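Notes for the one structure printed next.
The values are calculated or read from the model by the stated rules, or taken from the named source; none is laboratory data. Remember, predicted model here, so these are calculated numbers, not experimental data. Don't worry about glycine lacking a Cβ; one is built from the backbone with ideal geometry, like all the others, and counts go over all protein chains shown. The protein model used for the area step is the full one, side chains on, heavy atoms only, and it has no ligands, DNA or RNA in it. Shrake-Rupley method; radii C 1.70, N 1.55, O 1.52, S 1.80 Å.
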Amino acid sequence: MVSLTFLYPFVPESPRFLLQHGRKEEAAAVLRRMAAKNNTEYEILNGELIGDRVDVQGPKEVFSQLLSPTYKTVTIVLWIIWVSNAFAYYGIVLVTPQYFKTRPSSEHEEWTVEQEIFITTFVTSLAEFPGLFITAYGVDKIGRKKTQAGLFGVCGVAALFLLYDKNFGFSTFTAIIARMAISGVFAATYLYTPEAYPTRIRSTGLGVCVAFSRMAALSTPYVANMFESIHVPIVLYSLTCLGAVFASMLLPAETLKQELK
């Protein structure tokens, strides 16, 4: 992490931010570099920048716009989705090793409990990759909302199937499906959220959603370990995902093929 600070001087400043602060020449310079790297003539970007310096809104003003009548519904629903997403994702990650540790002995006599935990943790982690590919296809084919809702539903149902722990292969398969689906939801939500807000409040809207999700992630370890039976937190994570299905469908607008504001 410390080494990343040395990359800071190479990160270009936002042209919009520079314009808001009256730094027109610097904004133009950033756009010229962007055009050059994309093999595009700067004139295609309408050449000279127009517009006077605009008033910069403070954090309170920007945050209040998130709860304005125009964006209040999408903001509250997105908070629910982000909390549900982080709570279920990190919960499934945490309970998977514990689940395979406490389930009945495997029919694979040559495998120890530690080997089963290692194998299932490794395989379920790899399952995130196909989940991302499925999401990448779904968000452009059927839309962001339906992809989110569908993957939340798949994860919720797969997690419920974990309650049947008599067969090692079946348990591993359902854990893979749950992990694949919930990781895909994260990707779809990260895509939808910035598209739901206009530029002036986009970064704040996304940042607040991420902050709420981190609070949910902090609570997950306590939920995963506060019950004697591992099945209780699994049911909670499943119900959270199933509830998030309805929240996803309550989002007011589909952003597929919509122009950013």
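What is the distance in Å between the Cα centres of the range 137-215 and the range 221-261?
Their Cα centres are 7 Å away from one another.
Can you compute the modelled spin-label distance between Ile142 and Glu228, with each label point 7 Å from Cα toward Cβ, in nm?
The modelled label-to-label distance comes out at 4.1 nm.
Taking +1 at the Cβ of each Lys and Arg and -1 at the Cβ of each Asp and Glu, which of Pro221, Ile201, Leu242 sits farthest along the dipole of the range 181-261 towards its positive end, judged by Cα position relative to the Cα centre?
Projecting each Cα onto the dipole axis, the largest value belongs to Ile201.
Restricting to DSSP H runs of at least four residues, report the calculated mean residue ellipticity at 222 nm for the chain, -39500 (n - 2.57) per run over all residues, nearest 500 deg cm²/dmol.
Calculated at 222 nm, the ellipticity per residue is -23500 deg cm²/dmol.
Would you work out the relative contact order for the chain, in percent, from Cα pairs under 8 angstrom that are 6 or more residues apart?
Relative contact order here is 28 percent.
Grab the other residues whose beta carbon is less than 12 angstrom from that of Arg202, score K and R as +1, D and E as -1, and report the net.
+2
Quick one: with all protein chains in place, what share of the accessible area of the range 120-261 is carbon or sulfur, to the nearest percent (1.4 Å probe)?
Its accessible area is 71 percent carbon and sulfur atoms.
For Phe63 and Phe118 in one chain, what is 0.36 nm times their gap in residues minus the Cα-Cα distance, to one decimal in nm?
15.4 nm
Could you give the nm distance between label points at Asn38 and Ile76, where each point is 7 Å from its Cα heading toward the beta carbon?
3.8 nm
Only Lys, Arg, Asp and Glu count, each charged at its Cβ (+1, +1, -1, -1), so figure out the dipole size of the range 169-261 about its Cα centre, rounded to 20 debye.
260 debye
Could you point to the label whose value was computed as Rg and Dmax of the Cα atoms in Å for the structure here, given [x] 20.3, 67; [y] 22.5, 74; [z] 18.2, 75?
The calculated read-out lines up with [y].
Taking only protein heavy atoms into account and a 1.4 Å probe, give the accessible area per residue of the chain in Å².
59 Å²
Size of the dipole of the range 92-240 about the Cα centre, Lys and Arg at +1 and Asp and Glu at -1 on the beta carbon, nothing else charged, in debye to 20?
The calculation lands at about 900 debye.
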